[in-house]
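A quick write-up on the structure given underneath.
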Amino acid sequence: MALRDVLLSIAQTPHRLRRRALVTWTPAQELNEVRDRSGARMKRRLEWYDLVGLGVGGMLGAGVFVTTGRVARDTAGPAVFASYVIAGVSALLSSFCYAEFSVRVPVAGGAFSYLRVTFGEFVGFFGGANILMEYVLSNAAVARSFTDYLASTFGVTEPNAWRFIVDGIAEGYNTLDVPAVALILFITVCLCYSTKESSMLNMVLTVFHLLFFAFIIVAGLWNGSAKNLVRPHGLTPYGVRGVLDGAAIVYFSYIGYDSASTMAEEIRDPARALPVGIAGSVLVVSALYCLMSVALCVMLPYNEVAISHIRISETAPFSSAFREKVGWRWASSVVGAGASIGIVASLLVAMLGQARYLCVIARARLVPSWLAKVHPSTGTPMNATIFLGFCTASLALFTELQIVFEMISIGTLLVFYLVANALIYHQYVKIGTNRPLHVLLFLLLLTLSSLGFSVSRKIDWWCRWGMALFGAISIAVTTIFHCTARQDITGPPSEWSVPLMPWPAAASVFLNVFLITALKARSYQRFGIWSLVIIVFYVCYGVHSTYSAEENEIVNAMVHHANLDNS
C-alpha cells in the first residue's frame, strides 16, 4: 500500500468508524454470505452426545484442579463449595443465553457472532477479542498445571522439578515449562486433523476423567473429617465477602461451556443438541465441582493447603492431600494421572473453540483473512488452529499461573454480561416490535442497580440498606419491563428459546456485574491495558479492513450488474 493511501485512510478514520462500528449482520448473512468466505465449509459430523462430551470435557479439569486449593486457602475457606454454587448459577444463566443464540445463529463465532448481529461490529470484536484472550491465557495456565500433576503421578513433589529456571529473566516469567509446550503442540496437530476424531478422543478422556472424579470424591469424603469444615476458624473464615470474592475467581472453572456453542456449524441438529449440550454440561460440572471442593476441605483444614512444611502444592492440592494427609502415596499418583487426563481433555475442547472464534473474526475481516480458511479435506480451520496453538505455547513456556488468574475471570464475566444484554435486545427489538430506547433504558437501569448493589456490599455502613435498596430496584425495573414490553412469537416452534424471559437474562446481567466488582484492582488494570490494545487495533486495522472490503464488494456488484445489463 502506498504512503498516500495510508495517509488517506488515516484521515478518513472518523468517517469509517461512523460507517462501520455499529453495522450489524443478520443471522441469514452470517450463515451464508459470511460463512462462504472460509472457502470450504466445516463438516457437520457431530451429534448431541458429542456436544455433551465436549461441554463436560471442556470444563472438567481446568478449574477444580487449578483454582480450588488457592481459593480455599486465601479467599473463601472451607466454604469454597458455596463459591462454586454461586459461579455455577451465573454460568447456568449465561449458558441459557448462549444456547438460544446458538440455535438462532448456528455458526462457529460464539459470542462474537451473537454480539455482532445485535450491537454491531465494534462490540462484537471487543467481545470476541476478550474471549480469545481468555482462551489463550487460561489454556496456557492449565497446560502449566498439567506439568505439576504429571510430575506428581511419578512421585515428584517439587513444583518446578520438571521446569527450567533461567537467570536474567523477570520473576514470574523465568520458569520454562517444556512439557506444557509439548502438550499444546500435540493437541494442535490433533485438532488440525479432524474435529470428529478429536471429539472421540475427548469422549474417551472424559469418561476416564469422570471415573477419577468419582474416586477422588468417594475417597476424600471417606478419609476426611467433617470437623475440618469448621476448623480452625469456622466454615466462612473470610466471611460472606470471601465466599463472593471466591465465586468471581472460580468462575475461571466454567470457561469451556461456551466452546460447545462454537461447534454449531458442525452439529447435525443444532436446535436439539445445543441446549442440551451447553446447559446440561454446566449442571453436571457444577455438581462435580461442589463435591470435589468439599472432598478437599474435609481431608485437611483450609489453612494447611499450600503450607510449605507439608509441601502441598497450590496447583496440585488433591494429589498432595492424599499423599501427605491420608498417607496414600499410590492414590497421589492415581489422582495425578486422572488430573493430567482431565486437563488434556479440557485443553482439547478449549483449543477447539478458540480456533473457531478466530476463524469467524477473520471471516468478518477484522483480522487477516487467511486465518478464516477452512482446509478442504479436513474441514477444520487449520490456519487459526496453528496460529493460536503457537501463541498459547509461547505463553505456557514463560508465564506463571498467578499472573493470569483474575485477568481471565474479568474478561469472561464481561463477555457473558454482554451476551445476556444482547439476548434481551435481540429478542425484544431485533425480532420483536419494541422500540430500542425502551429496551436500552431497561438495560441501563438494570446495570446501574446491579452496580449499586455490588458497591453497597463493599461499604460497611451502607452495606445492608444499600443492598436491599438496589436489589429491590433491580427486581422492580425487571418487573416493569416484563409487564410493558411486548414479546412476540420469534421463531418456528422447533427453535429453542429461554423460558420466562426476561428474568433469566436479567439475572445473568445482575450476577455478572456482581462478580466483576468482586475482583481485585490489579485485574482491572490488566484488563484496561488489554481493552486499550483491542480498541487501538480496531481503529488502526479492523475498521479500515472491513471498510475497504465493503467498498470493493459494492464496486464488484456494480460491475457484475453492468455486465448483466450489457449482455
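The values are calculated or read from the model by the stated rules, or taken from the named source; none is laboratory data. Everything quoted here is computed from the prediction, not taken from an experiment. Cβ sites come from the backbone with ideal geometry, for glycine too, and all protein chains shown count toward neighbours. The protein model used for the area step is the full one, side chains on, heavy atoms only, and it has no ligands, DNA or RNA in it. Shrake-Rupley method; radii C 1.70, N 1.55, O 1.52, S 1.80 Å.
Quick test for you: out of I255, I217, pick the one residue that is at pLDDT below 80, of a type outside the set (D, E) and open to solvent by 10 Å² or more (accessible area, probe 1.4 Å). Spell out the reasoning first.
Details: I217 fails: at pLDDT below 80.
I255 is the lone residue from the list that is at pLDDT below 80, of a type outside the set (D, E) and open to solvent by 10 Å² or more (accessible area, probe 1.4 Å).
Every condition in (1) modelled with pLDDT of 80 or more; (2) open to solvent by 10 Å² or more (accessible area, probe 1.4 Å); (3) not β-branched (V, I, T) holds for A422 except the one numbered (2). In contact (Cβ under 8 Å) with a residue 12 or more places away in the chain and on the phi > 0 side of the Ramachandran plot: is that true of G277 in this structure? When the stated conditions are applied, G277 does not pass them.
Any chance the range 483-495 includes a residue that's open to solvent by less than 30 Å² (accessible area, probe 1.4 Å), among the small types (G, A, S) and modelled with pLDDT of 90 or more? The answer is no; no qualifying residue exists.
A quick yes/no check of all residues on (1) open to solvent by 60 Å² or more (accessible area, probe 1.4 Å); (2) within 22 Å of the chain's Cα centre (by Cα):
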{"residue": "L235", "(1), (2)": "yes, no"}
{"residue": "Y238", "(1), (2)": "yes, no"}
{"residue": "G242", "(1), (2)": "no, no"}
{"residue": "I249", "(1), (2)": "no, yes"}
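In the range 510-532, which residue that is of a type in the set (A, V, I, L, M, F, W, C) and without any contact (Cβ under 8 Å) to a residue 12 or more places away in the chain is surrounded by the fewest Cβ atoms within 10 Å (Cβ to Cβ)?
Restricting to residues being of a type in the set (A, V, I, L, M, F, W, C) and without any contact (Cβ under 8 Å) to a residue 12 or more places away in the chain, the top hit is A521.
Restricting attention to the range 372-390, the residues being in contact (Cβ under 8 Å) with a residue 60 or more places away in the chain, buried (at least 19 other Cβ atoms within 10 Å of the Cβ), assigned to a helix (DSSP H, G or I) and of a type outside the set (G, A, S) number 3. Evaluation of E33 against the conditions (1) modelled with pLDDT of 75 or more; (2) part of a helix (DSSP H, G or I) shows that the sole unmet condition is (1). For the range 83-93, the condition of being more than 30 Å from N303 (Cα to Cα) and surrounded by fewer than 24 Cβ atoms within 10 Å (Cβ to Cβ) holds for at least one residue.
Might you check whether a residue that is free of Cβ contacts under 8 Å to residues at least 24 places away in the same chain, of a type outside the set (K, R) and open to solvent by 10 Å² or more (accessible area, probe 1.4 Å) occurs anywhere in the range 333-345?
no
Looking only at the range 280-297, residues that are open to solvent by less than 10 Å² (accessible area, probe 1.4 Å) and more than 17 Å from the chain's Cα centre (by Cα) come to 5 in all. Residues that are in contact (Cβ under 8 Å) with a residue 24 or more places away in the chain and among the β-branched types (V, I, T) were ranked within the range 116-156; the one that is farthest from T24 (Cα to Cα) is T153.
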